[in-house]
1. Which value does Rg/Rh take for the range 83-166 over its C-alpha atoms, Rh per Kirkwood?
2. Given points 7 Å out from each Cα along the Cα-Cβ axis, report the ASP171 to ARG26 separation in nanometres with one decimal.
3. So for the chain, taking the charge dipole from beta-carbon charges (+1 Lys/Arg, -1 Asp/Glu), which of ALA16, PRO105, THR78 sits furthest toward the positive end?
4. Can you tell me how much longer the chain between GLN52 and LEU94 gets when fully stretched, taken as 0.36 nm per residue apart minus their C-alpha distance, in nm with one decimal?
5. Using just the helices of the chain, give the 222 nm mean residue ellipticity in deg cm²/dmol: DSSP H runs with n ≥ 4 each add -39,500 (n - 2.57), and the total is spread over all residues, rounded to 500.
6. Can you pull the one-decimal nm distance between simple spin-label points at ALA141 and HIS114, each 7 Å off the Cα toward Cβ?
7. Could you give P(r) for the range 1-56, binned at 5 Å from zero, as whole percent values over all Cα-Cα pairs?
Amino acid sequence: MSFVAESAIVLDVPEAEPLVGGWRARHDPIASRGIPAHITLLYPFLRPDELQPAALDTLRAVLSEARPLDLVLSEVATFPGVVWLKPEPAAPLLQLIGLLRHHYPDLLPYGGKHPEPTPHLTVGQANDPDEFDDFHDRVRARLGPRLPVPFRATHAAIYISHEEHQWHRLDEFALGAPSSSLV
């Protein structure tokens, strides 16, 4: 299998790291590859070789149309095989994702696998269906009482894969002026 360089636009959530860092280190492969606790906005994004200054300036302008978001990680939830934390309110996150999709219509969220993504912060995965219920129960018992976790998203970050399976933060972009009414 050959390596394909990629990029992703995310909201880093450092406030969640003390809560989920240990879980992610053991149960979320992307954690060991360089991406901290986050909410994905658009993945895959452009190839790293396309992220020249003009493309980064365009992304900066697009994200300036948004505004900072006051959010809360409110509850433990699941997708098949995945335990995650639910950010609320979801509407501003969906508007921000929609803003990116509007400006980058050819870039489908998750490569088209999940065309209408649900904003989430992954805690971990259980690849064995027989172990999933136990994993979910343990996460809910340990993390549930520590929720909600409020956080303010003021920047989006772009991460790129720079070698096989490793990612690093390329840049961050301020979410626009507080007077913006788009998001």
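1. On the way: Rg = 15.8 Å, Rh = 15.6 Å.
Reported Rg/Rh (Cα atoms, Kirkwood Rh): 1.01.
2. My value for the distance between the label points is 3.9 nm.
3. It is ALA16.
4. Result for the pair: 12.4 nm of gain on full extension.
5. Estimated from H runs of four or more residues: -9000 deg cm²/dmol.
6. So the label points at ALA141 and HIS114 sit 2.7 nm apart.
7. So the P(r) values, bin by bin, are 4, 17, 21, 22, 17, 10, 7, 1.
Only the coordinates and a few stated rules stand behind these numbers; no lab work does. Quantities reported herein were computed from a predicted structural model and do not represent experimental measurements. Neighbour counts are summed over all protein chains in view; Cβ atoms, including those assigned to glycine, are modelled from backbone coordinates with ideal geometry.
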